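A short write-up of the structure that comes next.
The values are calculated or read from the model by the stated rules, or taken from the named source; none is laboratory data. Quick caveat: nothing in here was measured; it's all calculated off a predicted structure. Here Cβ is always computed from backbone atoms with ideal geometry, including for glycine, and neighbour counts include all displayed protein chains.
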Amino acid sequence: MNNNILDKAVQNYINANLNADVNQIALAKSPFNNVTAAELANQINAKKKAEKKLPSWYVAENIYYPQALSIEQTSSEITAKYKSKLVKGKSLIDLTGGFGVDSFYFVKNIHHVVHCEINAELSAAAEHNANILGANNIDFIAGDGLEFINTSNQTFDTIYIDPARRAEKGKVFMLKDCTPDVVSNLNLLLAKSQRVIIKTAPLLDITAGLSELTNVSEIHIISVKNECKELLWVIDKGYDKDIKIVAVTINEQEKEFSFSKSQLAGPVNFAEDLNLEKYLYEPDAALLKSGAFNLIATHYNLKKLQQRTQLYISQTINNSFPGRIFEIDEIISGGELKTKKLLKGNIIVRNYPAKAEDLIKKYKISSSNDKFLIFTKNYQNQNIVIKASIIQYY
């Protein structure tokens, strides 16, 4: 960590050049003797990446930024704040602390946090920034978090860990393929705590995760603006009951859909006549990730459009629904589609034998701000297009 970056003149330069070309800055001669051009470019680039993701860091003075990649990989403030509600007890250790965003929010809900980070410079930056932001109840250890708890006599009420994927294996990966290896060390983690919270990328299949882990009490699926950001696995020592699954959407307001895993196999009603319905519901990505396709319909009193199509129909509006809601303007059959002229709308394709870009070209469809053309199948398995106007985005 180069403390010269924190000099007032350097900080003024960084703030004055937030809209400058960082590549040009990196290639030019640095105006400072003790700070390189590459360091200046990195501070500017990393701070720009933090503007929306980490607004508290962005607006604070004298924040020290690590490599921009660390900002890309860290939790956002909005997801870290949600995670902080899952902690248990008075003490927590963050085994993979990184830039320290999660630890900063954990310590708001817990008395004492230990932040472990194997990268010494990243650890130093996280400690400096915590002091700047007034988070005083965090101890920082520049070292391997797993090795620390293995050799330490300390125990904690909660352990948090965010393992990184070691290798790509197509679109499927297992927790055992990550570093640290949570699966092999789960007994150690539970010997040192009452609760373990594991963060994984949403790409991890829920069934695959459950095949590797024991004592899972809750699974939280976090989505921000219809994009799944994180899966959180809550493991409680000795827990062997039904698993609670929570799909949470965080937008202008937070919406939550929770259920027990045993409820997944419930029945569902289908929309046999679309002409009798007025509104179409498209679930948020978090709901879709949960796999509760039938339960979504039951919980929100909706009818499913078709067995393999995760779209839903109703005669009424339910604004508590986590996802988009459309008012149906017209149902167009496959045969009628060929005769339609001047089609206009944003394209959604669900269980339909064509790609959006091909449909746009074929039918010369122009874009629209609030009109949508939803290419899908009805209950009778016929290709249809639902012409609709959006009335709720999230």
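Side notes on the structure shown:
- Residue match in segment 259-281 (condition: surrounded by fewer than 19 Cβ atoms within 10 Å (Cβ to Cβ) and touching a Pro at 6+ places or on another chain (Cβ under 9 Å)): no
- Leu54 touching a residue at least 40 places away in the same chain (Cβ under 8 Å), surrounded by 15 or more Cβ atoms within 10 Å (Cβ to Cβ), touching a helix residue (DSSP H, G or I) at 6+ places or on another chain (Cβ under 9 Å) and among the hydrophobic types (A, V, I, L, M, F, W, C): yes
- Filtering segment 279-297 to residues that are in contact with a helix residue (DSSP H, G or I) (Cβ under 8 Å, 6 or more places away or on another chain) and either of a type in the set (Phe, Trp, Tyr) or closer than 18 Å to Asn269 by Cβ (or both) leaves Pro283, Leu287, Ala292, Leu295, Ile296.
- Residue, farthest from Thr179 (Cα to Cα), within segment 130-155, restricted to residues that are among the small types (Gly, Ala, Ser) and in contact with a helix residue (DSSP H, G or I) (Cβ under 6 Å, 6 or more places away or on another chain): Ala135
Yes/no matrix, rows are residues, columns are (1) in contact with a Gly (Cβ under 8 Å, 6 or more places away or on another chain); (2) among the basic types (Lys, Arg); (3) in contact (Cβ under 8 Å) with a residue 12 or more places away in the chain; (4) not assigned by TED's automatic domain parsing to the domain that holds Cys178:
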| residue | (1), (2), (3), (4) |
| --- | --- |
| Thr214 | no, no, yes, no |
| Ser223 | no, no, yes, no |
| Glu230 | no, no, yes, no |
| Asp284 | yes, no, yes, yes |
| Tyr300 | no, no, yes, yes |
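- The condition of being touching a Ser or Thr at 6+ places or on another chain (Cβ under 8 Å) and farther than 19 Å from Ser70 by Cα holds for only one of Asn137, Asn109, that being Asn109.
Residue by residue, here is whether (1) assigned to a strand (DSSP E or B); (2) over 25 Å from Glu272 (Cβ atoms); (3) under 28 Å from the mean Cα position of the chain (by Cα) holds:
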| residue | (1), (2), (3) |
| --- | --- |
| Leu288 | no, no, yes |
| Thr298 | no, no, yes |
| Gln310 | yes, no, yes |
| Pro353 | no, no, no |
| Tyr379 | no, no, no |
| Val385 | yes, no, no |
| Tyr394 | no, yes, yes |
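- Checked against (1) crowded, with 17+ Cβ neighbours inside 10 Å; (2) not polar (S, T, N, Q); (3) not in a helix (DSSP H, G or I), Val10 passes all but condition (3).
- 2 or more residues within 18 Å of Glu218 (Cβ to Cβ) and touching a residue at least 24 places away in the same chain (Cβ under 8 Å): qualifying helices (runs of 4 or more DSSP H) within segment 118-208: 186-191
- Ser103 passes every criterion in (1) in contact with a His (Cβ under 7 Å, 6 or more places away or on another chain); (2) surrounded by fewer than 21 Cβ atoms within 10 Å (Cβ to Cβ); (3) of a type in the set (Ser, Thr, Tyr) apart from (2).
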